[in-house]
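Asker: Please find one structure pasted underneath; my questions will follow.
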There are 2 protein chains.
Amino acid sequence: MITRLDQQIAFLNEADKLKSIRRATVLADRSRAENSAEHSWHLTLYALVLADQAKQSVDISRVIKMLILHDLVEIDAGDNPIFGNVDVAAMEAAEQNAANRIFGILPNDLRDELYSIWKEFETAQTDDAQFAKSLDRFQPPMLNLVAGGGSWTEYNVTEQMIEDRIGSKIKIGAPALWDYARAKISAFFKSAT
Amino acid sequence: MITRLDQQIAFLNEADKLKSIRRATVLADRSRAENSAEHSWHLTLYALVLADQAKQSVDISRVIKMLILHDLVEIDAGDNPIFGNVDVAAMEAAEQNAANRIFGILPNDLRDELYSIWKEFETAQTDDAQFAKSLDRFQPPMLNLVAGGGSWTEYNVTEQMIEDRIGSKIKIGAPALWDYARAKISAFFKSAT
C-alpha cells in the first residue's frame with residue numbers, strides 16, 4: 001500500500017539526481033563544473049535579490065517556484081549548453097517526456113500543480129516566466145565574468161554570440177540586467193584581446 | 001562609483017561559495033558528500049511538495065525564502081554536522097558575524113529584508129520558521145535511508161540519538177513527518193542488526 005507521503009518522498013528522492021547533472025558553467029573559483037541543483041538554488045537567490053530589476057511587475061514567489069522546478073527534466077534529458085549544437089525539437093520532446101515521468105511520481109494534485117508551474121516556465125508567455133527565464137540566462141555570464149571567461153573559452157564564444165543567444169533572452173524579462181551584463185561582457189572581451 | 005546593481009551582484013557572487021561547503025550527508029547514490037547549496041535547493045523542493053504536512057497553517061512562499069537563505073552563513077562559519085560535537089554558543093556567534101558580513105554586502109533595504117528572514121529562521125518562533133526548521137532536519141534522514149545509512153555510519157549514530165537530536169525538532173513543525181521518519185528509521189536499524 002503506497003501512501004500519499006510515500007509518493008511525495010519518492011519524488012524528492014528522485015529529484016536528488018539533479019545534483020549529479022553537470023553544467024557547462026564553472027564555479028566562480030573555477031574549482032569544478034556547476035551542477036543543476038546548486039544552479040537552481042543560485043537562481044532562487046538571484047530572484048530574491050534582483051526582483052526590482054524585472055521589466056514588468058512580477059510575483060516573485062511564483063518566479064522562485066518556477067526556478068526551483070525548471071531544471072528537474074534534466075534528470076532524464078541532460079543539460080544542453082547554450083553554446084552547444086542542439087536539436088531543439090528533439091530536446092523539447094525529451095524534456096516533455098521527462099516532465100511526464102518525473103512529475104508523474106507525485107500524487108495527482110501535486111503532479112498537476114507542479115507540472116503547470118514547469119510548463120508555464122517553458123512556454124514563457126507570462127511576465128513571471130519571462131523574468132525567470134531572464135535570470136536563467138543572466139546567471140551564467142555573471143559566473144563566467146568572475147571565473148575569467150569560464151565556459152566561454154571552452155566553447156569559443158564571441159561577444160556577438162552572447163548577444164544573440166543570451167542577451168536577446170535576458171532583454172525580454174529584464175532589460176536593465178542585459179544593459180549591465182553587456183557593458184561588463186564588452187569590457188571583458190576588450191581586456192582579453 | 002559602486003551602483004546598487006554592483007552590490008546585488010557582489011552578494012550573488014559571494015553566495016557562490018556555498019556550493020563548496022561540504023555537509024556530512026551523502027547523495028542518495030553515495031557518490032559524494034552533499035554541499036550546502038544543493039541541500040538548500042532540495043529543501044525548497046521539500047517545502048513545495050510537503051506543504052500539506054505542516055503542523056500549523058504556513059505561508060509556503062515565506063518558508064521557501066527562509067530555506068534559500070538559511071545556510072548562507074556557513075560560507076564563513078562552516079557546516080556543523082548534527083551528530084558532531086559543537087560548541088553551540090561559539091557556533092551561534094560565528095553565524096551571527098557571518099550574517100552581518102554577508103548580508104551587509106547588499107544595499108541597505110535588501111540587507112535588512114533578507115537578514116530579517118534569516119533571523120526569523122534562526123530564532124524559530126514563528127510557524128513558518130518552525131516548519132522550515134523541521135524540513136531542514138527531515139531531509140538528511142530521508143537521504144540516509146536511501147543511501148543505506150549514509151552519515152549515520154560515519155558518526156556511529158543510534159536510533160535514540162536520531163530521536164533526541166532530530167525527531168525532537170521535526171515534531172515541532174511537522175509531527176506527521178516525524179511519525180513517518182521514525183517508522184522508516186526503526187525498520188532500517190532493525191534490518192541492519
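The values are calculated or read from the model by the stated rules, or taken from the named source; none is laboratory data. Everything numeric in this text was worked out from a predicted model, so none of it was measured. Cβ placement follows ideal geometry from the backbone for every residue including glycine, while neighbour counts extend to all protein chains displayed. Side chains included, ligands, DNA and RNA excluded: accessible areas come from the protein's heavy atoms. Shrake-Rupley method; radii C 1.70, N 1.55, O 1.52, S 1.80 Å.
Asker: Filter the helices (runs of 4 or more DSSP H) completely within the stretch A:1-82 down to those with at least 1 residues that are within 20 Å of B:VAL63 (Cβ to Cβ) and in contact with an Asp or Glu (Cβ under 6 Å, 6 or more places away or on another chain).
Answerer: Filter on the stretch A:1-82 gives A:36-50, A:60-69.
Asker: Identify all residues within the stretch A:146-171 that are open to solvent by 40 Å² or more (accessible area, probe 1.4 Å) and part of a helix (DSSP H, G or I); write none if there are none.
Answerer: A:VAL146, A:THR153, A:GLU154, A:GLU159, A:GLN160, A:MET161, A:GLU163, A:ASP164, A:ARG165, A:SER168, A:LYS169, A:LYS171
Asker: Answer yes or no as to whether B:ASN80 is surrounded by 13 or more Cβ atoms within 10 Å (Cβ to Cβ) and farther than 16 Å from B:GLU14 by Cβ.
Answerer: Considered against the rule, which asks whether it is surrounded by 13 or more Cβ atoms within 10 Å (Cβ to Cβ) and farther than 16 Å from B:GLU14 by Cβ, B:ASN80 comes out as yes.
Asker: Next question. Go through B:ALA37, B:ALA47 for me and flag whichever is more than 8 Å from chain A (Cβ to nearest Cβ) and crowded, with 20+ Cβ neighbours inside 10 Å.
Answerer: Answer to the check: B:ALA47.
Asker: If you don't mind, another one. Scan the stretch B:80-91 and tell me whether some residue there is in contact with a helix residue (DSSP H, G or I) (Cβ under 9 Å, 6 or more places away or on another chain) and over 21 Å from B:LYS17 (Cβ atoms).
Answerer: Yes, the stretch B:80-91 has at least one match.
Asker: Also, I was wondering about something else. Regarding the stretch A:151-163, can at least one residue be identified that is without any contact (Cβ under 8 Å) to a residue 40 or more places away in the chain, over 24 Å from B:LEU45 (Cβ atoms) and in contact with a Pro (Cβ under 8 Å, 6 or more places away or on another chain)?
Answerer: The answer is yes; a qualifying residue exists.
Asker: Going by what's in this entry, would B:GLY104 be described as open to solvent by less than 50 Å² (accessible area, probe 1.4 Å) and away from chain A (no Cβ under 14 Å)?
Answerer: The answer is no for B:GLY104.
Asker: Determine if the stretch B:58-71 includes at least one residue that is in contact (Cβ under 8 Å) with a residue 12 or more places away in the chain, facing another protein chain (nearest Cβ under 9 Å), surrounded by fewer than 21 Cβ atoms within 10 Å (Cβ to Cβ) and of a type in the set (A, V, I, L, M, F, W, C).
Answerer: So far as the stretch B:58-71 goes, yes, one or more of its residues are in contact (Cβ under 8 Å) with a residue 12 or more places away in the chain, facing another protein chain (nearest Cβ under 9 Å), surrounded by fewer than 21 Cβ atoms within 10 Å (Cβ to Cβ) and of a type in the set (A, V, I, L, M, F, W, C).
Asker: While we're here: Can you spot a residue in the stretch B:93-105 that is outside any helix (DSSP H, G or I), touching a Lys or Arg at 6+ places or on another chain (Cβ under 7 Å) and closer than 21 Å to A:LEU67 by Cα?
Answerer: The answer is no, given that none of the residues of the stretch B:93-105 is outside any helix (DSSP H, G or I), touching a Lys or Arg at 6+ places or on another chain (Cβ under 7 Å) and closer than 21 Å to A:LEU67 by Cα.
Asker: What number of residues within the stretch B:1-40 satisfy the criterion of being out of contact with any strand residue (DSSP E or B) (no Cβ under 8 Å at 6 or more places or on another chain), of a type in the set (A, V, I, L, M, F, W, C) and farther than 13 Å from B:PRO140 by Cα?
Answerer: Number of matching residues: 9.
Asker: Checking B:ALA174 against (1) within 18 Å of B:LEU48 (Cβ to Cβ); (2) within 17 Å of the chain's Cα centre (by Cα); (3) open to solvent by 40 Å² or more (accessible area, probe 1.4 Å): exactly one of these is not met. Which one?
Answerer: (3)
Asker: Could I ask something else about it? Find all pairs meeting these conditions: Cβ atoms under 9 angstrom apart; at least six residues apart or on different chains; first residue within the stretch A:179-193 and closer than 14 Å to A:GLY167 by Cβ and of a type outside the set (Phe, Trp, Tyr); second residue open to solvent by 60 Å² or more (accessible area, probe 1.4 Å) and modelled with pLDDT under 95.
Answerer: Pairs found: A:ARG182/A:GLU159; A:ILE185/A:GLU159; A:SER186/A:GLU159.
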